[in-house]
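Below is one structure; the comments refer to it alone.
The values are calculated or read from the model by the stated rules, or taken from the named source; none is laboratory data. Note that the structure is a prediction, hence the values are computed from the model and not measured. When we count neighbours, we look across all protein chains shown, and the Cβ atoms used for this are built from the backbone with ideal geometry, even at glycine. What goes into the accessible areas is simple: the full protein's heavy atoms, side chains included, and nothing from ligands, DNA or RNA. Shrake-Rupley method; radii C 1.70, N 1.55, O 1.52, S 1.80 Å.
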Amino acid sequence: MLNVIMLGGISFVVNGNRIRNELGQSGRRLACYLLTFPGRAHRREKLADMFWENLEPDNARAALNTAIWRLRKLLESSGSVRVARQLITTSDEVILESCESISVDLHSFLERIRKSKELATVGNAAETSFILQSAVDEYGGPFLDGEDHDWIVLERERLQCLYMRALVDLMNNAARDKRYEDALDYGRRILGHDSLRENVHRSMMLLLVMNGQRAEAIHHYGRCKSLLFQELKIDPMPQTMQLAELIRSSGIDASLAELAETQFVDSAHLSRAGDASHF
């Protein structure tokens, strides 16, 4: 079994051991591109232009051929002849077929996101949360962290959005189940990635109140207000300020409970993850 890790960086692992590769930067990007989009036929000319754009056409084609040969050797290092045979080349095209002997964390993450959407549509909240949690656990960090090729940046942004959406759904699910500590933990993780999500700050304020931490909710608003001014030179949105005033008031727990019920809406209706492919 060849395990490929692309979330948080790039590494190739066989039987628990990380293996060295001699692909070089462009060859490594080529390998990741083929692994990211398995089963597709890629024209050699396009691949040469993408990854060796600074070389003359003949030299770029030669570099592509060398990279393909090195990638095949890497696949062979898994110990399975079948894995190497998944890399199909013709005079015009290159295809890396899907294979059970190749496990890619990217596709495991996407499959879990896809499965959670299916479960959410039939109202299976507990199983949805379980699958979403496994997807979040699979996400080891930004896609191919440290690389900056155009297609990598686009894919990284897409995957980051899916990851953040999963965290929001988990926060909402935990809040609806009155697991406020868990919901707060998810909220903190979201803000750790994107501290300017004002709607999440409002969720945190509500969660703190529902968890019996009214004073901390007011402090959280103060931190949110300071952050928005420092980073964007703006004040909080009117609904955020109104929520803060409501929290400062007394005897309005019923109103806050009603707000919480509308704030933590069914994540199945909010999810915009899109279809996920599977390796």
Self-check item: With DNA, RNA and ligands ignored, accessible area of residue 229 (1.4 Å probe; Å², nearest 10)
Solution: 120
Practice problem: State whether region 66-120 is rounded, prolate or oblate according to the following rule on the C-alpha gyration tensor (a ≥ b ≥ c being the square roots of its eigenvalues): a/c under 1.5 gives rounded; otherwise a/b larger than b/c gives prolate, and the remaining case gives oblate. | Solution: prolate
Quiz item: For residue 73, which lysines qualify as cross-link partners when the Cα separation must be under 29 Å and same-chain residues fewer than eight apart are set aside?
Solution: 46
Quiz item: Check residue 139: other-chain or 5+ apart residues with amide H under 5 Å from its amide H, H built from backbone geometry?
Solution: none
Quiz prompt | DSSP-defined antiparallel bridges as percent of all bridges, the chain, nearest 5 | solution = 80
Quiz item: Within the chain, which is the longest segment containing none of the GluC sites (Glu not before Pro) that sit in a DSSP loop and have at most 16 other Cβ atoms within 10 Å?
Solution: 101-279
Quiz item: With all protein chains present and a 1.4 Å probe, how do 137, 105 order by accessible area, largest first?
Solution: 137, 105
Practice problem: Could you state how much accessible area residue 219 has, in square angstrom rounded to the nearest 10, with a 1.4 Å probe and all protein chains kept in place? | Solution: 110
Quiz item: Measuring with a 1.4 Å probe in the full set of protein chains, what accessible area per residue, in whole Å², belongs to region 87-192?
Solution: 45
Exercise. For the chain, return all DSSP H helices satisfying: extent of Cα atoms along own axis at least 30 Å; mean Kyte-Doolittle hydropathy at least 1.0.
Key: none
Quiz item: Mind checking the dipole of region 52-135: about its Cα centre, +1 per Lys or Arg Cβ, -1 per Asp or Glu Cβ, Debye to the nearest 20?
Solution: 280
Quiz item: Once you charge only the Cβ atoms, +1 for Lys and Arg and -1 for Asp and Glu, what is the size of the charge dipole of the chain about its Cα centre, to the nearest 20 debye?
Solution: 360
Quiz item: How much space per residue, in cubic angstrom, does the convex hull of the C-alpha atoms of region 89-226 take up?
Solution: 142
Quiz item: Would you list 78, 98 from the most to the least accessible area, probe 1.4 Å?
Solution: 98, 78
Quiz item: Quick one, which of [x] 70, 46, 37; [y] 75, 41, 31; [z] 54, 38, 32 is the actual Cα extents along the principal axes in Å calculated for this model?
Solution: [y]
Self-check item: Expected 222 nm ellipticity per residue - DSSP helices of 4 or more, -39500 (n - 2.57), all of the chain, to 500
Solution: -20000 deg cm²/dmol
Self-check item: Accessible surface of region 96-150 [probe 1.4 Å, protein heavy atoms]: carbon and sulfur percent
Solution: 47
Quiz item: Given 151, 168, 140, which one lies farthest toward the positive end of the charge dipole of region 130-177, if we put +1 on the Cβ of every Lys and Arg and -1 on the Cβ of every Asp and Glu?
Solution: 168
Exercise. In nm, give the distance between the simple-model label positions of residue 179 and residue 89, each being 7 Å from the Cα along the Cα-to-Cβ direction.
Key: 4.9
Quiz item: Between residue 19 and residues 5 or more places away or on another chain, which pairs have amide H atoms under 5 Å apart, with H built 1.01 Å from N, and which residues are they?
Solution: 12, 13, 14
Practice problem: Quick one: which residues, 5 or more positions from residue 98 or on another chain, have an amide H under 5 Å from its amide H? H modelled 1.01 Å from N in the peptide plane, none for Pro or chain starts. | Solution: 39
Practice problem: Give me the accessible area of residue 171, 1.4 Å probe, in Å² rounded to the nearest 10. | Solution: 0
